[in-house]
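Everything on this sheet refers to the single structure shown next.
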Amino acid sequence: LAVAGRKGDAFKTSTGRWIQPGAIEERLARLAYVTHAAAGGAARKAPAAIIDIDPAAAPDPARITADVRSATADLAPHERPAVIVIAAAPFSIAGGELT
């Protein structure tokens, strides 16, 4: 038996603010080179996101930072990811990142 998905649709940061990770993930997934995005940060000061990028289309890291800032600019400041991590390997079912 395996449970897939999130426990809830929102998480609470250590500052007491509720965040909808789907809103962050959806905006990051719009970037042409992002194949998957996941956001989290329960009990943390600010949300973080991990992105899986297409290596053939990946721009330089400075450009990724600028693109993420632009993609999430319409979110409230406390909803914008404070940290972006680029996955070392593609998300996969076998790796456990996808269900």
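In table form, for the structure just shown:
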| read-out | value |
| --- | --- |
| Members of segment 42-55 that are at pLDDT 90 or above and within 17 Å of A87 (Cβ to Cβ) | P47, A48, A49, I50, I51, D52, I53, D54 |
| Residue within segment 20-27 that is of a type in the set (S, T, N, Q), in contact (Cβ under 8 Å) with a residue 12 or more places away in the chain and either in a loop (DSSP other than H, G, I, E, B) or buried (at least 17 other Cβ atoms within 10 Å of the Cβ) (or both) present | yes |
| Every residue from segment 8-19 that is in a loop (DSSP other than H, G, I, E, B) and not acidic (D, E) | G8, A10, T13, S14, T15, G16, R17 |
| Members of segment 61-99 found to be farther than 18 Å from A32 by Cα, surrounded by 11 or more Cβ atoms within 10 Å (Cβ to Cβ) and without any contact (Cβ under 8 Å) to a residue 60 or more places away in the chain, listed by number | L75, R80, P81, A82, V83, S92 |
| Residues satisfying the stated conditions in segment 61-99, i.e. small (G, A, S), under 28 Å from G16 (Cα atoms) and assigned to a helix (DSSP H, G or I) | A66, S70, A71 |
| Matching residues in segment 33-60 - criterion: being of a type in the set (G, A, S) and either surrounded by 12 or more Cβ atoms within 10 Å (Cβ to Cβ) or part of a helix (DSSP H, G or I) (or both) | A37, A38, A39, G40, G41, A42, A46, A48, A49, A58 |
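The values are calculated or read from the model by the stated rules, or taken from the named source; none is laboratory data. Everything quoted here is computed from the prediction, not taken from an experiment. FYI the Cβ positions are ideal-geometry reconstructions off the backbone, even for glycines, and counts take in every protein chain you see.
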